[in-house]
Amino acid sequence: MAKRMLLMLIVAAAAIGGLGYFKLRQVQAAVKSHAFTPPPEAITTIVVKQETWPSTLSVVGTLNAIHGVTVSADLPGTVDQIKFDSGKWVQEGEVLVQLDTRQERAQLAAMKAQQDLAKINYDRMQQLVNEGVISRMDYDKAMADQRQTEANTAEIKAAIDRKTIRAPFSGALGIRQVNLGQYLAAGSPIVPLQSLDPIYVNFNVPQQIVGRMQAGRNVRISSDNLPGTTFTGLVNAVDSVVDQSTRNVQVQATLANPGGKLRPGMFVQVEVGVGEQRTVFPLPASAISYAPFGDSVFVLSDLKSPTGETYRGVRQQFVKVEGARGDQVGVISVVILIAGLQAIRSLSVRQYPRSDIAVVQVSTVYVGANADLVRGFITTPLERVIASADGIDYMESSSAQGVSTITVHLKLNYDTNAALTQVQAKVAQVRNDLPPEAEAPVIDLQTADTQFASMYLGFSSSDLDQNQITDYLTRVVQPKLSAINGVQRADILGKRTFAMRVWLKPEKMAALGITPSAVHDALANNNYLSALGRTKGSMVSVNLVANTDLRTAEEFRQLVVKQDKGTIVRLGEIADVVLGAETYDEDVRFNGESATFMGVWVLPTANSLEVIKNVRDAIPGIRAQLPVGMKVGIPYDSTAYIQDAIREVLSTLTETLLIVVVVIFLFLGSFRSVLIPVIAIPVSLIGAVFLMLVAGFTINLLTLLAIVLSVGLVVDDAIVMVENVERHLHEGKTPFRAAIDAARELVGPIIAMTVTLAAVYAPVGIQGGLTGALFREFAFTLAGAVIISGIVALTLSPMMGSKLLRTGDTERGFAGWINRRFESVRRLYERALASTLRYRPVVFGVWVIVALLVVPFYIFSQRELAPAEDQGVVFGVLQASPNSTLDQTKLFASQVYDVYHAFPEAESIFQITDPTGGFGGMVTKPWSERHKTAQQLLIQSTGPLSKIAGVRVIPLTPPPLPGGGNFPVDFVIASAAEPQQLAQFANELVKRAFQSGMFIYADSDLKFDQPQAEVVFDRDKLRSQGVDLSQAGKDLSTLLGGNYVNRFSIQGQ
């Protein structure tokens, strides 16, 4: 492949070189013949005179009717008569619709009859009461009945009148919305009615000119629907509230609308006077060149050539120029600086961007159980329920002797808290279904960038045992480190927690007739942590404690395990009782000496550099309090690499800035000109840091890389602005006018260039997958720096140009010499370009060849997520025989130490060894103190490590980016077959991989190589002796399994 690639490069280079030489000869011939002469252009000139015009503000307004409603039905009913036509003019009170009132009129006739009868009864009662025949109460009732009937009659008349719908005011009707015979509910619309003359116009003005918007000010209104027609009116109201979102104030004016030409809802152009008259130069529209960056005209004037000669020419002059205040520009830049400097203090520092690439690990300990038992009764039930949780990408499990481990890989950027909660809930569903002897499952969440602690501390002592060191670390050191701000947790690795070890003597137990189960029950029943509470009398209260628990080895030895016919057998007679460690299956070493490690984990939101610095500051205080003979060291500190990397990036940034400054000076030739882009660069970069804080980014290697790369981008805008200002100064303008004209010309180009560059990097940030998660901060930081540079170029750069640049500076001294050289280059380029354009087929041919070469270059290029990084550490994974003991593995681990220790580049060596394997590494000296990279050390260590018999050592370096996996290629074999068959398939793949000669390492994580011996009970003999299988299994488990019984108290722990 390399030969083919080299051959293609040679052929391509020869083709491009031949075409280039041919083209160069053509250009030289064209230049000698002076073949290119720009054609003259014809122009038309007019004389512009000064005039006085009033100052006006032109805005868009909306028309609204003074009175405008939708006439609707007041009461429900059926349309009986329609007495209007759509679109007609009606007068106030004119009947529009008559609803059917026959029922109401019948009710009115009946009610009138009742009213007459009530009137007759009332008159009769009045006569009788005057004669004293009836009581006053009967008279009052008759009077009330008569008034009630009158009120009911009036109510029916009102209902009949309300069913006659009239125009509430004079105006124009809209489209009819009802038909004859149609039933209308209360509130049903009938027809819109608008009063069109006069009419309101509502428009918004900026809050800066509200003080000039008094009632009575004249306004002029025009509409595209009525060309050539204008309407005049007066401002009648100004809103008392400023819109918080737009900072505008609504103004209302009233204008006459004869004939109703203007209709409510129309958009109109409103012109309102806002100040005194001003002097202008009116121009014909054809003379104005309209552009996004400003409108301009071409003015005929006397100009100077580069040689100082005066000639008649045309220069471009922008119109409608308003002066930009330098203090406002200064405030913008100061705000950017303050915000950016504060962001630098607030941003957290990490090695890589934070990404939600996480795994949830569920570990369950089942002491004494073999792998098949663990798989069937622990792993399988847990897998079944965990698989139903949301957000799982894939899941893998491991069932080994006494422990089940399930690793749940979450989908990229899935909410880790939600996933952890669901996994916990799923595990809780089957907790009671697991064997009672198994411990509760432990659920742990790990992210891709927290696979290792940020710092590891090593503690060793020549006088103290490992369990004593562990006890001291647990009681003293661990609380101190956990209390440091930003520390998530401080774990102890290789710890040996105090445990009371009871080593049974089978011969004595058999002689005394004591079964292991009896010993187990005696320990469980007589070592009880009691909580008695308190008791109180009438005057005092007392807290109660009891000696129901055993605390020392001697108390355990005196425990009675059997009493028969006056004979007492104590635990010390049938067992050796010592205060030892909970487990002896792990050995930790630092620089070849036995040690205990503490891993310091930093919160994801904290500044790791600052937190680890605080931990380092706390180490002298911890060292001063250590027991005699105990030492503390730092085997591994991940922030050392981050600090070195950041230091290198900052050094590169400084060198980049110096190079940019020198290059700018060499091409501009003036210190005044150089000062503008030199100031614009840090302002743009600091502003980009503020955007990082707003977006929730961190300071990491990728964002710092974006800052370094952005230096060359942010300086372009400032240089272009400086060059354009100097061009206008060369035309004889004042510095202020030159800066204004230059800024107006470049508004559009700079915005377009800024948007284009930002759009180039934006797709990298919005893409999905691992690449998007890692490079999102890089892309958006780069785009943010470009955006800030555009703002600075349009504000700060022209303002500084108006203050620093002077007319004639570019024609004197070094700057003048530079400009004359560039002028010569420009003329040469013009001639060369003109000649080149005459041979377009050749140009197109070269372009096609170059474009086609992209395909093979891309195909034969190597691909990887990121190049390997020298992080100052070489890890080694140790694989031992499955039946090895810790003592055997330690012998080979010491040889691994000798290999690492032989390298002069090694600064410290750490090792964590267990019976079947281990993990370790060599921390190298800083980059400045060694000549070999970590990758070179890895390659050199591979040979000596492969010669160590009895173990397999896999050297590797940390991945360059998190989340990419520990190995270049991983296969997942999914099948419904039994694990034994899957193991055969996996071993065949490993075999084929080595046979291919393309891999230096291949392995399968599914192995059936753990030796085991099966205890076969004679069931008949057990039964004849009165022993159940459960009893036999429990006795044997207690005797050989090293099972946990319960807890005991030592110093309150």
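The values are calculated or read from the model by the stated rules, or taken from the named source; none is laboratory data. Only a predicted model underlies this, so the values are computations on that prediction, with no experimental measurement involved. Here the Cβ is made from the backbone with ideal geometry for all residues, glycine too, and neighbour counts use every protein chain on show.
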Filtering the range 471-498 for residues that are of a type in the set (Val, Ile, Thr), assigned to a helix (DSSP H, G or I) and surrounded by 20 or more Cβ atoms within 10 Å (Cβ to Cβ) leaves a count of 1
Answer yes if at least one residue in the range 744-751 is more than 19 Å from Ile679 (Cβ to Cβ), buried (at least 20 other Cβ atoms within 10 Å of the Cβ) and at pLDDT 80 or above, and no otherwise. yes
So the check is Cβ under 6 Å with 6+ separation or different chains; which pairs have a first residue in the range 1006-1027 that's without any contact (Cβ under 8 Å) to a residue 12 or more places away in the chain and a second one that's surrounded by 12 or more Cβ atoms within 10 Å (Cβ to Cβ) and outside any loop (DSSP other than H, G, I, E, B)? Leu1022/Ala1032
Has the range 583-590 got any residue that is within 30 Å of Tyr641 (Cβ to Cβ) and either out of contact with any helix residue (DSSP H, G or I) (no Cβ under 8 Å at 6 or more places or on another chain) or among the hydroxyl-bearing types (Ser, Thr, Tyr) (or both)? yes
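Hey, among the residues in the range 660-709 that are part of a helix (DSSP H, G or I) and among the polar types (S, T, N, Q), which one's surrounded by the most Cβ atoms within 10 Å (Cβ to Cβ)?
Restricting attention to the range 660-709, the residues satisfying the condition of being part of a helix (DSSP H, G or I) are 660-668, 671-694, 701-709.
In the following step, the residues that additionally are among the polar types (S, T, N, Q) were identified as 673, 684, 703.
Working: Ser673: 24, Ser684: 31, Thr703: 23.
The extreme case among them is Ser684.
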Test Arg147 against the criterion of being in contact with a helix residue (DSSP H, G or I) (Cβ under 7 Å, 6 or more places away or on another chain), closer than 30 Å to Tyr122 by Cβ, surrounded by fewer than 14 Cβ atoms within 10 Å (Cβ to Cβ) and charged (D, E, K, R), and give yes or no. no
Within the range 1001-1053, the residues that are closer than 19 Å to Ser399 by Cα and hydrophobic (A, V, I, L, M, F, W, C) are Leu1006, Phe1008, Ala1013
Across the range 440-462, which residue is surrounded by the most Cβ atoms within 10 Å (Cβ to Cβ) among those that are in a helix (DSSP H, G or I) and not polar (S, T, N, Q)? Ala448
Of the residues in the range 925-937, those that are out of contact with any Ser or Thr (no Cβ under 6 Å at 6 or more places or on another chain), under 16 Å from Tyr641 (Cβ atoms) and in a helix (DSSP H, G or I) come to Trp927, Ser928, Glu929, Gln935, Leu937
What number of residues in the range 551-600 are under 15 Å from His520 (Cα atoms) and assigned to a strand (DSSP E or B)? 8
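Out of curiosity, is Glu437 outside any helix (DSSP H, G or I) and of a type in the set (D, E, K, R)?
yes
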Flagged pairs (Cβ under 9 angstrom, 6 or more apart or on separate chains; first in the range 202-229, assigned to a strand (DSSP E or B); second basic (Lys, Arg)) are Val205/Arg212; Pro206/Arg247; Ser223/Lys261; Leu226/Lys261; Thr229/Lys261
Within the range 504-546, track down each residue that is loosely packed, with under 11 Cβ neighbours inside 10 Å and in contact with an Asp or Glu (Cβ under 9 Å, 6 or more places away or on another chain). Gly513
Sort through Thr924, Thr957, Thr942 and tell me the only one that's in contact with a Gly (Cβ under 6 Å, 6 or more places away or on another chain) and modelled with pLDDT of 80 or more. Thr924
So is Gly211 farther than 30 Å from Gln98 by Cβ, under 52 Å from the mean Cα position of the chain (by Cα), at pLDDT below 85 and loosely packed, with under 13 Cβ neighbours inside 10 Å or not? yes
Answer with yes or no whether Asp887 is of a type in the set (Asp, Glu), part of a helix (DSSP H, G or I) and in contact with a helix residue (DSSP H, G or I) (Cβ under 9 Å, 6 or more places away or on another chain). no
Residue satisfying all of: in the range 119-136; touching a helix residue (DSSP H, G or I) at 6+ places or on another chain (Cβ under 7 Å) and in a helix (DSSP H, G or I); surrounded by the most Cβ atoms within 10 Å (Cβ to Cβ) among these: Met125
Kindly check whether there is at least one residue in the range 571-583 that is free of Cβ contacts under 8 Å to residues at least 60 places away in the same chain and out of contact with any Pro (no Cβ under 9 Å at 6 or more places or on another chain). yes
Flagged pairs (Cβ under 7 angstrom, 6 or more apart or on separate chains; first in the range 815-836, touching a residue at least 60 places away in the same chain (Cβ under 8 Å) and outside the structural domain of Phe667 (by TED's automatic domain parsing); second part of a helix (DSSP H, G or I) and among the polar types (S, T, N, Q)) are Gly816/Thr810; Asn819/Thr810; Ser835/Gln26
For the range 586-605, give me the residue count where each residue is touching a Gly at 6+ places or on another chain (Cβ under 7 Å) and either surrounded by fewer than 20 Cβ atoms within 10 Å (Cβ to Cβ) or assigned by TED's automatic domain parsing to the domain that holds Ile909 (or both). 2
What's the total number of residues in the range 75-122 that are closer than 30 Å to Ala144 by Cα and either within 60 Å of the chain's Cα centre (by Cα) or touching a residue at least 40 places away in the same chain (Cβ under 8 Å) (or both)? 8
Just one of Gln468, Gln422 is in contact with a Gly (Cβ under 8 Å, 6 or more places away or on another chain), in a helix (DSSP H, G or I) and either among the polar types (S, T, N, Q) or under 26 Å from Thr957 (Cα atoms) (or both); which is it? Gln422
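Here's the yes/no breakdown for (1) modelled with pLDDT under 80; (2) aromatic (Phe, Trp, Tyr); (3) within 54 Å of the chain's Cα centre (by Cα):
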| position | (1), (2), (3) |
| --- | --- |
| Tyr472 | no, yes, yes |
| Gln488 | no, no, yes |
| Val502 | no, no, no |
| Thr515 | no, no, no |
